[in-house]
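Take a look at the structure below.
The values are calculated or read from the model by the stated rules, or taken from the named source; none is laboratory data. These numbers were taken from a predicted model, which means no experiment stands behind them. Every residue, glycine as well, gets a Cβ built from its backbone with ideal geometry; the counts of neighbours run over all protein chains shown. Heads up: the accessible areas ignore ligands, DNA and RNA and are worked out on the full protein's heavy atoms, side chains in. Shrake-Rupley method; radii C 1.70, N 1.55, O 1.52, S 1.80 Å.
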Amino acid sequence: MLAFPRLFTPGQIGSLMIKNRLIMPSMFTNLASVEGEVTKQMIDYYAARAKGGVGLIVVEVASIDYPTSKQGHNELRVDDPRFMAGLNDLVEAIHAHQARAFVQLFHAGRQTSPIITHGQQPVAPSPIACRVIGATPRELSIEEIKQLEQKFITGAIHAKAAGFDGIELHAAHGYLLSGFLSPFSNKRQDLYGGSLENRLRFLLEIIEGIRQAVEEMPLSVRFNASDFLTGGIELTEGIEIAKRLEQAGVNALSISSGMYESGLTSIESISYSEGWRVYLAEAVKKAVNIPVITGGVIRSPEYAETVLREEKADFVFIGRGLLADPDWPNKAKAGRVKDIRPCVSCNTCINRDFMGLRIRCAVNPYTGREAQYKPRKTENPKSICIVGAGPAGMQAAIALARKGHRVELIEKSDCLGGLVNVAQLPTHKQRLGLLKDYLVREVAKLPIQV
């Protein structure tokens, strides 16, 4: 009997059957080349998560109007047919492990800068600078809006040709489509601003064009049910947006929240409680009949199972949890919950993004370096002494023991964990203790002399 039967029941998005209810959401990695091509590092990264048992992977943001649509230096491109071969290699690597693959079509809008866009001024519905980025965007003309609509549609055509199972439109977090939806950033006085009907027009015209171009290809939209900003989208309007998207023929809704100006409401810190924003998806689900996807600090299989059992959503996305442990789904399915390496919500991953660096994880040394540091048994075992059993010392001992070396781990105090034993004590820092406990258990499983 499955430990979490709801999590591992197949689910459907449009015509597509997915083996379980776990989704890896789009997370920017900087693993593409500087020209926007798929790299071997990127393939290895996604293949590890597919092998780990997740049902659907939404491949990270793919630029539809290079370079003005970029949010980072090393961003995927889907705007030209020459990128399709690499994208197909990526899809095949995901499919090899029976996972499905969507790609997220993306335009950064006002939340980018000329440093990223090769000196070009960012564009947006209105010339309102993002207070975090600081670059004042240029207001798009109606002619330019129509051109961008076609570029989203062209991106969808390329995605289908590359073999993706579906498409997700990124209309959340303050980027271009979100910028049009939100009255916080859309102050236009024409057909694309003002009323909700007008603010939705850009997105709905893109959806209509994609539907005509790629017919029944599954289509998801990730959008904010709340901006958590005064003057932005609130839940009541978020529910109405969901209804309009369903009427437009969207197959699934991925519910998110927040933008750069609203702080950590889209990429939470350690102080946020597990699943704190599931209530947004629950409210949307009551208003629509298509699948609803939720997430946000969902860390444990037990909680994810409860969300599905209580019908608050139809799918659950696990983001940073899959950076910490790509095998999260397989371990949950086998009932090995204590073997899941815990994400501690330290946000090292997103901080690397903001710095323009490739993705890394503070608790998983292999993230973004899956092939480079793949554990391999040594042909020449050595006797190795490690002094200090903090998290670094324990991780080193674990890695070396798995390679087949004879490891001695020496700690002067009467317990393992080092300074984490102190760091876990302040309010909201308890998750650090989960990492310590995980490492202690892994040390105990291996032939490490402590």
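Some values worked out for this structure:
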| item | result |
| --- | --- |
| Cα-based convex hull volume of the chain per residue, rounded to whole Å³ | 144 |
| Accessible surface of the range 389-448 [probe 1.4 Å, protein heavy atoms]: carbon and sulfur percent | 64 |
| Contour excess over end-to-end distance, with Cα ends at E234 and Y303 and 0.36 nm allotted per residue | 22.3 nm |
| Too-long pairs where the Cα-Cα distance tops 20 Å, listed order kept, from K70/K151; K19/K243; K40/K403 | K19/K243; K40/K403 |
| Percent breakdown of C-alpha pair distances by 10 Å bin, ordered from the shortest bin, for the range 46-110 | 23, 45, 27, 5 |
| Share of carbon and sulfur in the accessible heavy-atom surface of the range 233-292 [1.4 Å probe, %] | 47 |
| Where the range 347-450 is the region considered: accessible area per residue in Å², 1.4 Å probe | 58 |
| Carbon plus sulfur fraction of accessible area for the range 80-189, probe 1.4 Å, in percent | 52 |
| Degrees separating the helix 431-445 axis from the principal Cα axis of the chain, which is the longest one | 40 |
| Environment charge at Y260 (Cβ cut-off 15 Å; Lys +1, Arg +1, Asp -1, Glu -1) | -2 |
| log10 of Debye I(q)/I(0), alpha-carbon scatterers only, for the range 349-428 at 0.13, 0.24, 0.25, 0.26 Å⁻¹ | -0.57, -1.10, -1.12, -1.15 |
| Placed amide H near I18: partners under 5 Å, 5+ positions off or other chain | G11, Q12, I13 |
| 0 to 90° range, to nearest 10: angle between helix 84-95 axis and the chain longest Cα axis | 50 |
| Intensity falloff of the range 353-399 expressed as log10 I(q)/I(0), Debye formula with alpha-carbon point scatterers, at q = 0.13, 0.15, 0.21 Å⁻¹ | -0.43, -0.55, -0.90 |
| Net lengthening on full extension, L264/T427 (0.36 nm per residue, minus Cα-Cα) | 56.9 nm |
| The chain, helix-only ellipticity at 222 nm - DSSP H runs n ≥ 4, -39,500 (n - 2.57), divided by all residues, nearest 500 | -10000 deg cm²/dmol |
| Those trypsin sites (Lys or Arg not before Pro) in the range 192-300 that DSSP places in a loop and that have at most 14 other beta carbons within 10 Å | K286 |
| For the range 372-380, Karplus couplings with θ = phi - 60° (6.51, -1.76, 1.60), whole Hz, Gly/Pro x | 4, 10, 4, x, 10, 5, 7, 9, 9 |
| Largest-first ordering by accessible area, 1.4 Å probe, given options M17, M355, M24 | M355, M17, M24 |
| Set of aspartates and glutamates near K285 by C-alpha distance (under 13 Å), chain-local residues within fewer than 8 positions excluded | E240, E246, E310, E311, D314 |
| Cα Rg over Rh - the range 212-275, Kirkwood | 1.07 |
| Whole-Å semi-axes of the range 163-225's equivalent ellipsoid (Cα gyration tensor) | 24, 13, 7 |
| Estimated vicinal HN-Hα couplings, Hz - the range 311-325 in sequence order (Karplus 6.51, -1.76, 1.60; Gly, Pro = x) | 6, 7, 6, 9, 9, 10, 9, 10, x, 4, x, 7, 6, 5, 8 |
| The range 9-33 versus the range 153-206: alpha-carbon centroid distance in Å | 20 |
| Using alpha carbons only: equivalent-ellipsoid semi-axes of the range 302-395, gyration tensor based, whole Å | 30, 19, 13 |
| The range 402-448: radius of gyration over Cα atoms, expressed as a fraction of 2.2 N^0.38 Å | 1.32 |
| Scattering curve values for the range 1-65, log₁₀ I(q)/I(0), Debye with Cα scatterers, q = 0.12, 0.22 Å⁻¹ | -0.40, -0.96 |
| Computed over the range 102-157, Kirkwood Rh from alpha-carbon pairs, angstrom | 12.1 |
| For the range 247-359, radius of gyration divided by Kirkwood radius, i.e. Rg to Rh on alpha-carbons | 0.98 |
| Dipole of the chain, positive direction: furthest Cα of Y279, G179, L400, with charges on the beta-carbon | L400 |
| The range 38-177: radius of gyration and largest Cα-Cα distance (Dmax), Å | 15.6, 45 |
| Gain on full stretching of the segment that runs from R406 to A392 - 0.36 nm per residue minus C-alpha separation | 3.3 nm |
| Length-normalised contact order for the range 203-362 - Cα pairs under 8 Å, 6+ apart - percent | 17 |
| Built amide H within the under 5 Å cut-off of A3, gap 5+ | G335 |
| Spatial separation of Cα centroids for the range 209-257 and the range 270-337, in angstrom | 19 |
| Crossing angle, helix 40-51 versus the chain [Cα axis fit, 0-90 degrees, rounded to tens] | 80 |
| Heavy atoms of H118 accessible to a 1.4 Å probe, total area in Å² rounded to 10 | 110 |
| Alpha-carbon radius of gyration plus Dmax, which is the widest Cα pair, for the range 171-305 in Å | 14.9, 48 |
| Mean accessible surface per residue for the range 62-153, computed with a 1.4 Å probe while every protein chain stays in place, in Å² | 38 |
